[in-house]
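Student: Mind having a look at this structure? Questions to follow.
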Amino acid sequence: MARFFPAIAAFAGVSLAGLALYPVLARDLDGFGITDPLDLVLPSEPVSALEVAEPSIEAPLDPLITDPVTAIAEPEPVVVPIPPQPPKPVVPLVISTHSGEASWYGPGFYGNRTANGEVFRPGTMTAAHRTLPFGTRVRVTNLWNGRKAVVRINDRGPFAGDRVIDLAHGAASELGLTSSGIAQVRLEVLR
């Protein structure tokens, strides 16, 4: 462009000294291969309002989309609420631990009242203890086979020897001591 400037200036009637200015028409410059600066800014064909409109802020700025008018927006992701987790089971707290011999009772006592007034029934997970309060839950572990059961104290006993607990038939079956009649056990008093 710099090499054309003196020729254009001379042709347009402008002296290099700036003494005279003559109007230059666009048709006068056709032979020189000069591009009108307005042709660079304004399109030669009419443009619709949709083509000129600037993209909205919400429109995706994807370089692969060439026509924002015909582009299909991505659907909004569906947010699925996560249901609350059920509370985890509370592990009972062990208050105290005792060991000793356990026995069981059942068939001859069904239908009788226990020390707390309940009717003694077959298959119950209850037990008799000398001192623990009624309603106390005790985890009993048979030390001979490792089986465990949780029983509720509802009766008093045993009153034979050094036994620490007397189990109802249901608990004794669960622990696997009905055939032997007695077993070494560990008692864990639960809160």
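The values are calculated or read from the model by the stated rules, or taken from the named source; none is laboratory data. Owing to the predicted nature of the structure, the values given are computational and were not obtained by experimental measurement. We place every Cβ from the backbone using ideal geometry, glycine too, and count neighbours over all the protein chains shown.
Student: Among the listed residues ASP166, ASP155, which satisfies the condition of being within 16 Å of GLU101 (Cβ to Cβ), among the charged types (D, E, K, R) and buried (at least 16 other Cβ atoms within 10 Å of the Cβ)?
Tutor: The unique qualifying residue is ASP166.
Student: For segment 103-154, give me the residue count where each residue is touching a residue at least 24 places away in the same chain (Cβ under 8 Å) and either out of contact with any His (no Cβ under 8 Å at 6 or more places or on another chain) or not assigned by TED's automatic domain parsing to the domain that holds THR178 (or both).
Tutor: Restricting attention to segment 103-154, the residues satisfying the condition of being touching a residue at least 24 places away in the same chain (Cβ under 8 Å) are 103-107, 114-116, 118, 120, 122-130, 132, 136-145, 147-154.
The next check asks that each one be either out of contact with any His (no Cβ under 8 Å at 6 or more places or on another chain) or not assigned by TED's automatic domain parsing to the domain that holds THR178 (or both); those that pass are 103, 114-116, 118, 120, 125-130, 132, 137, 139-145, 147-152, 154.
Total satisfying the criteria: 28.
Student: So which residues in segment 141-191 are hydroxyl-bearing (Ser, Thr, Tyr), touching a helix residue (DSSP H, G or I) at 6+ places or on another chain (Cβ under 6 Å) and outside any loop (DSSP other than H, G, I, E, B), if there are any at all?
Tutor: Scanning segment 141-191 gives no hits.
Student: Would it be correct to say that GLY181 is of a type in the set (Gly, Ala, Ser), surrounded by fewer than 18 Cβ atoms within 10 Å (Cβ to Cβ) and modelled with pLDDT of 95 or more?
Tutor: Against the criterion (of a type in the set (Gly, Ala, Ser), surrounded by fewer than 18 Cβ atoms within 10 Å (Cβ to Cβ) and modelled with pLDDT of 95 or more), GLY181 does not qualify.
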